[in-house]
Amino acid sequence: MDIMQVKGRVFDIQRFSIHDGPGIRTIIFLKGCVLRCLWCCNPESQEYDVQTMVVQGKPKIIGKDVTVEEVMDEIKKDMPYYRRSGGGVTLSGGEALCQPEFAVSLLKACKEFGIHTAMESTGYADFEVIKEYLPYLDVYLMDIKHRNNAKHKEFTTRSNELILENAIKIAQAGTNLVIRVPVIPTFNDTEEEIREIAAFAKNLPGVKELHLLPYHRLGQDKYEGLGREYNLAHLEPLSKERMEELLEAAKSSGLICQIGG
């Protein structure tokens, strides 16, 4: 089958992003995710099904079936910006590993046009699936949320064992792997927890960077729009000073560390 005709389900395409990879980027948000992180700022991404979400008092359809060709038509509009800034395309979600045929085909098409590629990912999938992505990825932005399995499962509904195993395998494959840590109050916001994650990342072959992502509540209204409860509404974002303290804890690993990214 022609890769340009492979179909997938997305819920947004965000142009001119300066996050989630180098330079100016186009972010493709795919539907579907295995995890249910309590802090997820895109709850509309979790279900693969097309949904209706109330946005500013009006119903909005979330999810659209598209071909690789249709997505590439949008991506190609921004190619001049990629060249000037060193940017490209990032797959996000949801979780792009949940739509392997579409996501890999889209990455292949990007590489045919010489476009830099990245993927934000939980790493929660069989490695036989993940390895199909790796030849077409310039950067793998992978979340490591916690080293403690019980706490990871409490806050995400899933064990961290497969994620940690895959992080090792992805690094061993020679992939440009960047570890990211969403820093969530009451979950992983102590120096000890951050040091444990950073120490794990430091031992991954070739990994040089770790990014701390501050907690925010920007997606809280989406839960109401979906008729769901946001269970972390009682938590306040960490102060800039506290994030700096956690950054210093991460830097003790010897990795290049930053807030955001």
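The values are calculated or read from the model by the stated rules, or taken from the named source; none is laboratory data. What you see is a predicted model, and the numbers here were worked out from it, not measured in a lab. All Cβ positions, even for glycine, are placed from backbone atoms using ideal geometry, and neighbour counts span all protein chains on display.
Residues are listed down the side, and each one gets a yes or a no for (1) among the small types (Gly, Ala, Ser); (2) surrounded by fewer than 17 Cβ atoms within 10 Å (Cβ to Cβ); (3) closer than 27 Å to residue 256 by Cα:
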residue: 181; (1), (2), (3): no, no, yes
residue: 188; (1), (2), (3): no, no, yes
residue: 207; (1), (2), (3): no, no, yes
residue: 210; (1), (2), (3): no, no, yes
residue: 225; (1), (2), (3): yes, no, no
residue: 232; (1), (2), (3): no, no, no
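Looking at 168, 197, which is the one that is more than 16 Å from the chain's Cα centre (by Cα) and surrounded by fewer than 19 Cβ atoms within 10 Å (Cβ to Cβ)?
Values: 197 fails: surrounded by fewer than 19 Cβ atoms within 10 Å (Cβ to Cβ).
Of 168, 197, the one residue that is more than 16 Å from the chain's Cα centre (by Cα) and surrounded by fewer than 19 Cβ atoms within 10 Å (Cβ to Cβ) is 168.
Here residue 159 meets the list (1) assigned to a helix (DSSP H, G or I); (2) surrounded by fewer than 18 Cβ atoms within 10 Å (Cβ to Cβ); (3) of a type outside the set (Phe, Trp, Tyr) almost entirely, failing just condition (1).
For a quick check of your reading of the model, give me the residue pairs whose first member lies in the range 169-192 and is more than 12 Å from residue 213 (Cβ to Cβ), whose second is surrounded by 20 or more Cβ atoms within 10 Å (Cβ to Cβ) and of a type in the set (D, E, K, R), with beta-carbon atoms closer than 8 Å and at least 6 apart or on different chains. Partner pairs satisfying both residue conditions: 187/145. The set of residues from the range 126-156 being crowded, with 20+ Cβ neighbours inside 10 Å and either modelled with pLDDT under 95 or more than 17 Å from residue 189 (Cα to Cα) (or both) comprises 130, 133, 137, 139, 140, 141, 142. Only a single item in (1) at pLDDT 95 or above; (2) closer than 30 Å to residue 52 by Cβ; (3) charged (D, E, K, R) is not met by residue 217, and it is number (1). Starting from residues that are of a type in the set (Phe, Trp, Tyr) and farther than 18 Å from residue 228 by Cα, keep the ones in the range 1-52 and report whichever is surrounded by the most Cβ atoms within 10 Å (Cβ to Cβ). Only one residue fits best here, namely 11.
Residues are listed down the side, and each one gets a yes or a no for (1) part of a strand (DSSP E or B); (2) in contact with a Phe, Trp or Tyr (Cβ under 6 Å, 6 or more places away or on another chain); (3) at pLDDT 95 or above; (4) among the aromatic types (Phe, Trp, Tyr):
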position: 28; (1), (2), (3), (4): yes, no, yes, no
position: 38; (1), (2), (3), (4): no, yes, yes, no
position: 48; (1), (2), (3), (4): no, no, yes, yes
position: 52; (1), (2), (3), (4): yes, no, yes, no
position: 59; (1), (2), (3), (4): yes, no, yes, no
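Checking 95, 112, 101, 120 one by one, the residue that is loosely packed, with under 14 Cβ neighbours inside 10 Å, closer than 28 Å to residue 174 by Cβ, modelled with pLDDT of 95 or more and among the charged types (D, E, K, R) is 112 and no other. Taken together, the residues in the range 120-156 that are within 17 Å of residue 196 (Cβ to Cβ), part of a strand (DSSP E or B) and either polar (S, T, N, Q) or out of contact with any helix residue (DSSP H, G or I) (no Cβ under 7 Å at 6 or more places or on another chain) (or both) amount to 1.
Check every one of the helices (runs of 4 or more DSSP H) wholly within the range 189-261 and list those with 1 or more residues that are under 30 Å from residue 169 (Cα atoms). Give the steps one after another, and end with the answer.
Values: elements: 191-202, 220-225, 240-251.
Fully inside the range 189-261 and qualifying: 191-202, 240-251.
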